[in-house]
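Each value in this text was obtained by applying a stated rule to the coordinates, not by laboratory testing. Computed from a predicted structure; not experimentally measured. Neighbour counts are summed over all protein chains in view; Cβ atoms, including those assigned to glycine, are modelled from backbone coordinates with ideal geometry.
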Amino acid sequence: MAEEKACCHHRTKERSEEEYKCLIHRLNRIEGQIRGIKGMVEKSAYCPDILIQVAAANAALNAFTKELLASHIKTCVAEDIREGKDETIDELVNVLQKLMK
């Protein structure tokens, strides 16, 4: 597997082809779920049926978030800490607080 390089200093990150494909695949599936929910609303579907699909979309987004967060911690955060950039910890705490709202 190609070495992953984090460019957190510029607020971008180079991802491996595998990571990129996995993230885009997940997002495409979530996008499809959202389009499906929109279609259900347009067709006046029964509220509980829509709510079940919303819960599934939320679960998919949460799985995406967990995967991206784990990657961020393993690459960007770990690299910055090794380089003595402790401000990255504050940034991570801030992100986690926003995710937990």
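General observations
- Candidates A63, A57, A70, A78 - the one that is under 24 Å from R26 (Cβ atoms) and surrounded by 14 or more Cβ atoms within 10 Å (Cβ to Cβ): A57
- Within the range 72-101, tally of residues that are farther than 15 Å from R11 by Cα and either in contact with a strand residue (DSSP E or B) (Cβ under 9 Å, 6 or more places away or on another chain) or of a type in the set (S, T, Y) (or both): 1
- Residue in the range 90-101 that is surrounded by the fewest Cβ atoms within 10 Å (Cβ to Cβ), counting only those that are out of contact with any helix residue (DSSP H, G or I) (no Cβ under 7 Å at 6 or more places or on another chain) and hydrophobic (A, V, I, L, M, F, W, C): M100
- Residues satisfying the stated conditions in the range 44-72, i.e. within 15 Å of Q33 (Cα to Cα) and of a type in the set (S, T, N, Q): Q53, N58, N62
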